[in-house]
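First comes the structure, then the notes that go with it.
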Amino acid sequence: MKLLAEFFLPLSIIFSLSPLNAANDGNGILQNVEEGNIKTSFTNNDDYADLASFGEAIGDKRFVVLDEATHGEGNVFALKARLVKYLYEKKEFDVFLIESALYDVSRVWMNDKAPIANQAPGNIFYMYANSAEMQPLFNYIDTKRTSNRPLQFAGFDNRHSGSLSNSALLPNLKAFLKKTDSNLPSSQVWAQFTAITADLLKGKPSPASDAEQKQYFATASKIASFLSAATQLQTNNHFKSNAFWYRIIKSITRMAEVAWGLQTVPDHDLEMIQNIEWLMKEVYPGKKAIVWGHYVHVAPNGNPDHSTVAMPGPVRNVGTELKKIWPDDVYYTHFGSGTGAFTNFITLETENITAPSTSSLEALLNKKSITSAFIDTSNLDLKKATAEGTTMWTYDYAAQAPLADWKNHWDGMFFLNPAVPVDYIGR
């Protein structure tokens, strides 16, 4: 697979969906398919004319969410990377929030002496850090660092496991607490707290008795309370502030709760959204942000159980909570396909997409030989889809939901067919 700078993606201008007499289409859902032969090169001097419909759909919303079904589709990564550039250059989005650890990405961003692409492996989520399609985006962000309007880069995940977290988080925390005159680093409980936290950061949580767990959470609570009450250190860098370290302590506490079975895995999202809320209210107030992550986290009603056919939702995740905090200011963008393959992000093996059901949206698009398109839901009447039982893929191309529920899951969709596995360069 070629690198993004050499990669060309055919992208049709747009097509709209609305109910259609079955005699005309045979399925009652596709209408006014407007196909173009535009080939859009992924270059910095592109005029982005083919994305005008996407821009119109977004309007003046403050947040654009870009999901992904699998963490492993190369052409989805490539298109999402191009959309980040478009949103920055044409729609005044100045913040790029990625599904990676708050601490690690902050330290990557603060180190402007080394390219992001060089720092990414081991610090940014590995499917992003090691996919060829992502490297030009990291380089692009670097080019904007010294501009009058940098593209700010931050992580929002509460799960800290990068090499920077493992090597520097606890020493930096200890040094920060000492600067703020805390006696916690010299207390008797500090050794237990740091030992357990170190194992959490390595992804190997230590077994702990009820008493040990109680002591750990008591220490974490003391640190958080101290950070809330202590005098703020004078700094122009939010990522060196009391509030930043408070978010880190809260994130680590949730990691421990999940590791010891006191909270369920999806509850990670409730710390992720609080990280985003802090970033957008305190660090980047008034700015517009791109939120990039897996469908399970960022799509409203994201489904954590892909073994089911029907959505159990609503699930409290980043997507649902984002809408609660900024109810009229979020545009949710989905990316899907009907054929092709993706890289399984756990095994790194290539998997083929299961053939969609004949009544699915993807099958209808395949039938029309659509290779790429953007679909906005704002003007869709999906009553016909309800009557016909039309479905759509959601999580990992393994779960389906009624197309009639589309507007509960996302506002618009980019369809790319076929899906192409990522070019994983980190082997």
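The values are calculated or read from the model by the stated rules, or taken from the named source; none is laboratory data. No experiment lies behind these values; they were computed from the predicted model shown. Ideal geometry is used to build each Cβ from the backbone, glycine not excepted, and the neighbour counts take in all protein chains shown. Ligands, DNA and RNA are stripped out before the accessible areas are found, and what is left, the full protein with its side chains, is counted by its heavy atoms. Shrake-Rupley method; radii C 1.70, N 1.55, O 1.52, S 1.80 Å.
Observations, loosely collected:
- Packing around the peptides 366-377, 327-338, taken as the average count of other Cβ atoms within 10 Å per residue, puts them in this order, highest first: 327-338, 366-377.
- Heavy-atom surface analysis with a 1.4 Å probe gives segment 158-226 a carbon and sulfur content of 53 percent of its accessible area.
- Whole-number accessible area per residue in Å² for segment 227-377, which is evaluated in the context of all protein chains at 1.4 Å: 41 Å²
- Normalising the average separation of contacting C-alpha pairs (under 8 angstrom, six or more residues apart) by the number of residues puts the relative contact order of segment 111-258 at 20 percent.
- Electrostatic bookkeeping for Tyr103 treats Lys and Arg as +1 and Asp and Glu as -1; over the other residues with beta carbon under 13 Å from its beta carbon, the sum is +2.
- For a modelled paramagnetic label at Lys367, 7 Å from Cα along Cα-to-Cβ, the residues of segment 390-421 in reach, with backbone nitrogen under 17 Å, are 390-393, 403-404.
- Listed residue pairs exceeding 22 Å between alpha carbons, taken from Lys202/Lys323; Lys144/Lys179; Lys281/Lys323; Lys281/Lys407: Lys202/Lys323; Lys144/Lys179; Lys281/Lys407
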